[in-house]
1. What spacing in nm lies between the two simple spin-label points modelled at residue B:225 and residue B:489, each 7 Å away from Cα in the Cβ direction?
2. Out of every Cα pair in the range A:169-279, what percent are spaced more than 22 Å from each other?
3. Determine ³J(HN,Hα), in whole Hz, for all residues of the range B:276-286 in sequence, where each value follows from phi through the Karplus function 6.51 cos²θ - 1.76 cosθ + 1.60 and θ = phi - 60°; x replaces Gly and Pro.
4. In nm, what is the difference between 0.36 nm times the number of residues separating residue B:389 and residue B:242 and their Cα-Cα distance?
5. Report the semi-axes of the equivalent ellipsoid for the range B:559-624 in whole Å, largest first, where each axis is √(5λ) for an eigenvalue λ of the Cα gyration tensor.
6. Using alpha carbon coordinates only, what is the Rg to Rh ratio of the range B:581-715, with Rh defined as the Kirkwood radius?
7. How big a patch of accessible area, both sides summed and in Å² to the nearest 100, lies buried between A and B at a 1.4 Å probe?
8. Using the basic label-point model (7 angstrom from Cα toward the beta carbon), what is the residue B:448 to residue B:650 distance in nanometres?
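The values are calculated or read from the model by the stated rules, or taken from the named source; none is laboratory data. Nothing here was measured: the structure is a model prediction, and the numbers come from that model. Glycine gets a Cβ as well: all are built from the backbone with ideal geometry, and neighbour counts include every protein chain shown. Heavy atoms of the whole protein, side chains included, go into the accessibility calculation; ligands, DNA and RNA do not. Shrake-Rupley method; radii C 1.70, N 1.55, O 1.52, S 1.80 Å.
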Amino acid sequence: MTASLQHPGYDPERLLCVAEKMPCRVAQAGTLLSLMGEPAQYSYPSIFLYGHRSTGKSHVINTLLMDLELPHATVSCVECVSVGLMFERVLLELFGPDTSTLLPRSPSLSDFVRIYRQQAPLSPANQTRYIVIEMAELLRDMDSNLLPVLVRLQELVDDNVTVILLSEIVWDRFRPNTGCFEPLILYFPDYSKGDLQQILSQDIHPSYSPELYSAFINILLGVFYSVCRDLRELRHLAALNFSKFCEPLKEGKVKESDTHKLWRNIEPHLKKAMQTVYLRDVSSVQWEQQLQQTEEKECAALKGLSAHAHVELPYYSKFLLIAAYLASYNPARTDRRFFLKHHGKIKKTNFLKKHEKTSNHLLGPKPFPLDRLLAIFYSVVDSRVAPSASVFSQISSLVTLQLLTQLGHDDQLDAPKYKCAVALDFIRAISRTVNFDIVKYLYDFL
Amino acid sequence: MSTSSVSKGCFVFKPSAKKRRKTSDMVDYFSHGCDGGEDSSLRYTLCKKLWDTIKEETESLQDELNRQILEGLLHFIKRCCSGPRHTAGPWEARMRASEIPTAALVLGVNVPDHDMTFQSLCELLQQSVTPHVACLQAKECGALKGLMRKVLERLVGSAAEEEADEEEGDTHPHPKGAHCTLATLCEWYETKSKKSSTPGKKRSSEEEPARPPIVIIFKDLEAFNPRVLQDFILICSRYVEQLPLILVFGIATSPSTIQQVLPHSVSSLLCIELFQSLSCTQHLSTVMDKLILTHHFPFKPNAKVLQVLVSIFLYHDFSVRNFIKGLKLALLEHYLNQPLSVLCCEKKEEVELNTTQLSHRGLESVRQLASFRRYVEQQQPQEQVALLTSDQHMKETCKKLLKDLHKYHKNYYPVLRCLHALTRSLPRVPLGKQIRELHITCLEGNVWEREEYRSAMQLLRMLAKEELLRELRGCQDILKLCRSTKMRAPLERLQELLDQFERLDEAKPETAANEDMTSPAKSMEKKTDLFQLQKTLLEMKETRRTKKLSGFEILRNEALDFIDALVRSHLVPPETQPLHEVCYYSSSALLRRHLNATPRTSIQTALSSPYHYLQNDALLTEDGGVSNAAPDLCIVHKLHLECGRLINLYDWLEAYATVVSAAEGKDPESEEYGKVDELKHARFIQAVSELQFLGFIKSTKQKTDHVARLTWGGC
C-alpha cells in the first residue's frame, strides 16, 4: 500500500498526484498502468475489471484516464437501451460530435466498425484510445455478438484501442458458449476495515478536528461494518449522523477528548439507523428531521414504509385471495377433505405422497388452474355469489396488484394458471377481517 | 319503431325517406326510448340538469377530499426543488449521497378512481411548481426504451408545444427513437433553463424557482416491470446532479411493495416520503352524504337500489367513480321509464309549473299510482270523487302532495342524522356504524319495529350523563342546521331538555326530596290489604336499591322518549308517502343486471333454453330440455354436455345428424334418417366452431379427432 505509483511512461509528480486521489487502491492502479503501458504503445485489446459495488473500479479507471489525459470514452450499459446508443456515445466521445451523425438509423456492429475505421485515421492519436464500459454484465442481455466483438475490437478496427469492461461479477459468467477472446482480468478486492477507516476519515468536517471525526468513523464502522461495506452508503450514513454525534459538544456537555461519553450518546442512534434509514425504510430527510426533534417527541417514532402493510380490498377480492392462497399451499388432493362435508377420514401420514409431506410453506406457492380457484372460492365465501363479470375482473386486478401472479400465456381460453404471491401473515390479516379462520383450512397446520 | 328481439343492443333504423335527415342527438335517443312520448324532451332537460349538478358536486367534492394529500405532495416537491442540499452546510451537501426525492402516494385499490387524482395533481403542479411533468402508465412502458421515449415525449413534447405558442420557428423537434436518453433531456433542460433565466421571460416569476424540477409520475407502480423500473432509477441517479428529478409513485396496495419491487441497491438511491390518501370507504361516505342524504336532489334511489350500488362498491370494486356511474344509470333509467319523473325537479317553481302543465294522460297515470290510490282511499267520499273526476282539483292536490313529499325529505334527513349521531358509538353498534346502513334500514320499513332499534334504545337508556349530553348537543347542532319549520318545535324542546340537564346539578337535592315525597304517597294509595302492602314495600325496596330513579334518569327517559317520538313521526319509510314514485327509483334488478353483468349465466341460459331469448313457441318443450328445432348451436351444446372431458367429433356429428333429422320430420325407419349429408356436415362444423369461440371447447393434441371440453358438469 505504501508503494507509490510508478511508471516510466508518465511524469512521476503527476502520478503522485493521481495516487493521492485513490487511497488504498494504489496497487490496483499500478497493475493497471503497467497493463496499459506507455501511452504510445499498443495496449492489450481488452481488460476486465471486477469487484463488488463501490470498490473503486470506476473511480480508479476514470481518475487515471482523466488525470493522465488519455483519450477515452466512458459508457454505462444501463443507459444503452439499444446498441446504437452505445456506438453513438463511443464515437461521440472519441471523435467529436460530428461522427455520431454518420451512423445509420439503427446501426449494426459492422456500421460501427466501418465508421470507426473511417474516422480513426482522420484524427490520428499517438496514444492508446480507451473505451470504458461500465456495468458490463448487462452486455450479456444485448446482442450475442457484441461482447465477443468488443473484447477484440482492436483487431477489427485496426487501431490502438483498448476496451475496459467493468463489472460486479466474474468473467466466468460472461464467457459465451462459443468461446471468445479472453481479456486480461483484474480483481478489485473489498476494502478492509482499515481501508474504510482511512478513506472515510478523509472527509473531515471543517469545524471539527480530524481526530474527532476519525473517532466518529471508528464508532460508525463498529456498528455498521458487520452489515455494510459499501463505501457510498457508509459515507452517507456518516453525514446523516455526524450532527447528532456533535450535539453534546455543541451544548458544551462533553469535551472532544471524552470519546466514551460521545460513544454512549451516539450508539443507540446508530443502532436505530441500521434498522431504519439504512434499509431506506425511513427516508434520510425524515431521519434528519427526527434527529432534530427533542428526545420526548422521539417516542412517537417514525413509521417506516414496512409499517404500512395493511391493504384494503373489496369483500370478494379478499375471498378470492384467500381461495388462491389455499389453492397454492394445499395439495389439490386434499381439497376434498377441506371443502366437502362427507369426506370421510383421511389420515395425514398415509394419504400423501412422500414429497408432499414436507411443509408446503417451505416449498413456496404452487400454480393452480382458474377452475380450482373458483371452486374453492365458491365454497369458502359464505353467501351465494353470481359468477358475474366483476368477479372475474377482480382476479385480473389482483394480478395487476401483484397479489397473484399469472403463469404462462395470457390466453384466457387456454385455462390460465395462477400463483398466490402473498405471505402467510398477510393472508391471516386479510382473513381475520372477514372472520375466516384460514389456519383451519391449511394442510400444513393440521 | 321496434324490433322483435329481446336483447338490448344497438339496432340500425334507417330513416324513412325524408323524415328527419339530421343526425340524432341525445334528446332523440332519449325520446326514442321513452314510454310516454310527449314530455320526453322536458324530462331529458330535467335529467341533464340534475346530472350536471350532481357531476359538479362530485367533482368539487373530489377536489376537496384530495386537497390535503395533494397539498402535502406539492409542499414536498417545492421543498425538494428548493433543496435540502442548499439548506444544509457545504460539508453535508458534499457528503450526502445524492438521492432522488421520491413521493410514494398510497391511493388504495380503487384503481379506476386514481385517474382523477393524478389529473388534478398534474394540473396543480403545472400551475404552481413546474411545467415539466410526465405521467406514465405501466401499459405504455413495457420496456426501458418505451419508458424513456414516453418520458421525453411528455417533457420535451409538451414544452415544444408551449414554445410554439410563444415564439414560432424555434420548435424542438420530437425526439427520435434512438436519441431518447436522459443525456438528451439534460441538454434540453440546460438550454431551457438558460433561456428562462434571461430576463423578459414570463416564466421567471418569483414563485417559480429558476430551475423548476422535473416530475415523473408512475401512475401504477405495481404494474410496472420491476426490471425496467430498476434500470430507469439507476439511470436517473446518474443524472440527478444535473437534473432536478423528482419521482412520484402511485401505489395501490401498500408501501412495502416498493421494497418488494426494488432491491436495496436501487432503493438506496431514493429518498422516499410517504403520502397516504383517504380510504375509499370514507370517500364513499362523503359522496353519499352529499348526494343521497340530502333533500337538495329530488332524485332518490330506494332501499334496494341503494343496496345494489353499495354492495357493488363494497363487494366488487371499491370504486367511487363506478358508484357515481351507477347512480347516473339509475337517474337516466328513472327519467326514461317513469313518465311522472317530469315532476321530479330541483326547484319548487318548476314542480308547480310542470304540475299545472300535466296532461290528462299524465294525470291518469298519477291516478294509477299505488301510493296515490292509497291516498284517495283515505279521503272522504266527496273528495274521492273530486280527485278522480276533476283534473283541476287533481292538479292542486298533486302540488300539495309534492310539497308534502319535499317537506318529508326535509325533515327525514336531519332526524336520520340525529338518530345516527346517537347510536353510532353504542357498544356493538346495533344500528350500523355508517349512516348509509341506517338510511337503508329506514327506507326498508318502520325502523322502530326492528329488534336492533329496540336494543339501541335500551342501550341509550343506560348512557352516562356526559355521553348523553354530548350526543344530544350533537343532535341539537344537526337540527339547528336544517331550516325547516317543522323542526323548530323539536329543537326548542331539545333545548329545554338540555337546559334541564344543566340545571340538574344544582337542583339535585330538591328533586331527590321530591321523589321521596311522591313515592311513599303512591304506595299509600294501595294500602288496602296487608299482603299487597308487603309486596309493594318489597318492590319499592328492591327498585330503590337497584336503580334509584334519580332526576337524571327521569330526564334521560324523557329525552329518549322525545327522540323516539321524533323517529316515529319522521323516519317513516318513503313508500308510505303519496306520490313517492315520482322521486324514488326502484328497479334494482335492472340496475344489477346492467352493472353486475353475468355473461356466463346469460350464455348458459341462451344455450340451454333458447326460448328464453328467442320467444319462439316452436322452441318450447315440456321438460325444459332443448327441442330439436332449436338452433344448431344449442343442439351441439346440449349434446356436448353428455360427453366427458374429451369429445369424439365423429360421434358428436352422428348424434347431431340424428337430432336434426328428427326435426326435419323424417321417418325414423327410412334410410335417409340420421344420415350425414353435406349441408348437415357444414352446419355442424359451424356450430362447433361457434362453441369453440364461446370458450366451451378447444382443440387438443391428446387424441386424434377429439376436442377437449373446458367446462365441467352436465347431465
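1. 7.4 nm
2. I get 43 percent for the Cα pairs in the range A:169-279 exceeding 22 Å.
3. These are the phi-based 3J(HN,Hα) values: 10, 8, 4, 6, 5, 5, 5, 4, 4, 4, 5 Hz.
4. Taking 0.36 nm per residue and subtracting the Cα distance, the gain is 44.4 nm.
5. They are 47, 14, 12 Å, listed largest first.
6. Using Cα coordinates only, the ratio equals 1.08.
7. Accessible area lost upon association: around 5200 Å².
8. Distance between label points: 8.0 nm.
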